[in-house]
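Scroll down for the structure; my scribbles are underneath it.
What follows is calculated from the coordinates using simple rules that are stated; it is not laboratory data. Not measured: the values here are computed from a predicted model. Positions of Cβ are generated from backbone atoms using ideal geometry, with glycine treated the same way; all protein chains shown enter the neighbour counts.
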Amino acid sequence: MAAPGAARPAPPLVDHHCHGVVRGELDAAAFEAYLTESDAPAAPGTSYFDTQLGFAVRRWCPPLLGLPPHCPPERYLARRRELGAAEVTRRLLRAAGITEFLVDTGLPGDLTGPRELAEAAGGTAREIVRLEHLAERIADTSRTTDSFLASLDGAVREAARTAAAFKSVAAYRHGLDLAPTPPAPAPLRAAADRWLTARATGDPGAARVADPVLLRHLLWAAVRTALPLQLHTGFGDPDLRLDRCDPLLLTDFVRAVRPTGCRLVLLHGYPYHRGAAYLAAVFPHVYADVGLALTHTGARAGAVLAEVLELAPFGKVLFSTDAHGLPELYVVGARLFLEALDTTSARWVRDGAWCAADAERVAALVAADNARRVYGRGGTVADGT
């Protein structure tokens, strides 16, 4: 423990859920689009810099580019253009303090893959395979329903050979109120046939897999590999219905998965993060994530983290940034997490609720050790496609 009044050295960070960053230059509108989960511009006369996340970017990132904290957005973006995207990405990723990245490669766009991200950051990376994206790729090349189902199951098994984990966005595609058990063969084949037929006719609504029977099949295909399964819960962009993303809706699925030993990681959670913490408290194979929520709550991140730590065992909470598109989001995610953890635990130490040694031990658990235990250790892998 550091001496009284001295800054504690930051623990190493394992970012167990993140995405690539944009390779090219961004104009002001494109940059701001990554500061919100909305799919619309800011209200007339305003900016998405005027949010908790926007203020956090202006607090933490300008000094890393040679500017004072809280400098005007226009000055910050001008400095960004002056340095160039590659240099900005290198500076910010290396300043974030993250040594290992687990990268969800299922998002579209010209984004860095795991290897490229790790090289820019000076760390290591592994891939998280998004189940729905995998199914859509298989559907693009399948001629029949039988070949689709066989190829899909084979692709999941093959991905499990190198991936760190699987991830599902069933919360976006249907909601978490899914039947908890694997679908029977007949309804599964019927659902696959309906989807492939709709895709073949050019139905734009069939571009993505959204049938609850197919989503259940994907979840259970991942469970059978014994790799960890990440599940989006809580808030996101307007593509989801927030009321159907409460992690407590997964309770029966959690119970059904328990005998398999598959570890379930509940991502994000907010504003249902206390429900995620409860599931992590009562089920041995469930873990809770604090990513995304801390980034978007900014100056209130400490309150959100404290609510997660009210009930979740300290060995069941994992750090992530859920950074996407902007290297700034890695910096903000890491700094807000470390500040929230330090100020919250310091308060509890002052109050006598925790001792200083335990505070340091919990910090190491949440920052990195829990993720290494859940996902194992691994080096950089080839970029996902």
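If you take the Cα Rg of the range 68-215 and divide it by 2.2 N^0.38 Å, with N the number of residues, what do you get? Numbers along the way, then the final one.
Values: Rg = 20.2 Å, N = 148, 2.2 N^0.38 = 14.7 Å.
Against the empirical 2.2 N^0.38 Å value, I get 1.37 for the range 68-215.
Compute the Kirkwood hydrodynamic radius of the chain, taking the inverse of the mean of 1/r over all pairs of distinct Cα atoms, and give it in Å to one decimal.
Result for the chain, one decimal place: 21.5 Å.
Let's see if you can work this out: charge +1 on each Lys and Arg Cβ, -1 on each Asp and Glu Cβ, no other charges. What is the dipole magnitude of the range 1-154 about its Cα centre, in debye to the nearest 20?
Working: 16 positive and 21 negative charges, 167 e Å.
Dipole magnitude for the range 1-154 comes out near 800 debye.
Tell me, what ³J(HN,Hα) does each residue in the range 249-257 have, in order and in whole Hz, if you take phi through Karplus 6.51 cos²θ - 1.76 cosθ + 1.60 with θ = phi - 60° and put x for Gly and Pro?
For the range 249-257, the Karplus curve yields 5, 8, 4, 5, 5, 4, 5, 5, 6 Hz.
Expressed as cubic angstrom per residue, what is the convex hull volume of the alpha carbon set of the range 231-385?
Numbers: hull volume 21.4 nm³, N = 155.
Convex hull of Cα atoms, per residue: 138 Å³.
List, largest first, the extents of the alpha carbons of the range 174-284 along their principal axes, each in whole Å.
Taking max minus min along each principal axis of the Cα atoms, the range 174-284 gives 46, 33, 20 Å.
Ranked by Cβ crowding within 10 angstrom, fewest neighbours first, how are GLU100, GLU32, GLU82 ordered?
GLU82, GLU32, GLU100
Counting residues in the range 302-385 as N, plug N into 2.2 N^0.38 Å and put the Cα Rg over that result.
On the way: Rg = 14.6 Å, N = 84, 2.2 N^0.38 = 11.8 Å.
The value comes to 1.23.
Cut-off is 10 Å between beta-carbons; in what order do ILE128, ILE138, ILE98 appear when sorted fewest neighbours first?
By the 10 Å Cβ count, ascending: ILE138, ILE128, ILE98.
With all pairs of different alpha carbon atoms counted, what Kirkwood hydrodynamic radius in Å does the range 1-126 show?
Every distinct Cα pair counted, the radius reaches 16.1 Å.
Rounded to the nearest 500, what is the 222 nm mean residue ellipticity of the chain from helices alone, with -39500 (n - 2.57) per DSSP H run of 4+ residues and division by all residues?
-13500 deg cm²/dmol
By counting other Cβ atoms within 10 Å of each Cβ, how are GLU37, GLU360 ranked from fewest to most?
By the 10 Å Cβ count, ascending, the order reads GLU37, GLU360.
Give me the percent relative contact order of the chain, please, defined on Cα pairs under 8 angstrom at least 6 residues apart.
Averaging sequence separation for qualifying contacts and normalising by length gives 22 percent for the chain.
With θ set to phi - 60° and the Karplus curve 6.51 cos²θ - 1.76 cosθ + 1.60, what are the ³J(HN,Hα) couplings of the range 57-72 in order, to the nearest whole Hz, using x for Gly and Pro?
4, 5, 6, 8, 8, x, x, 6, 10, x, 10, x, x, 6, 5, x
Give a residue-ordered list of calculated ³J(HN,Hα) values for the range 85-92 (Karplus: 6.51 cos²θ - 1.76 cosθ + 1.60, θ = phi - 60°; whole Hz; x for Gly, Pro).
4, 5, 5, 4, 4, 4, 4, 6
Report the label-to-label distance for ALA281 and ALA186 in nanometres (one decimal), using points 7 Å from each Cα along the Cα→Cβ vector.
Taking the two extended label points, one gets 4.4 nm.
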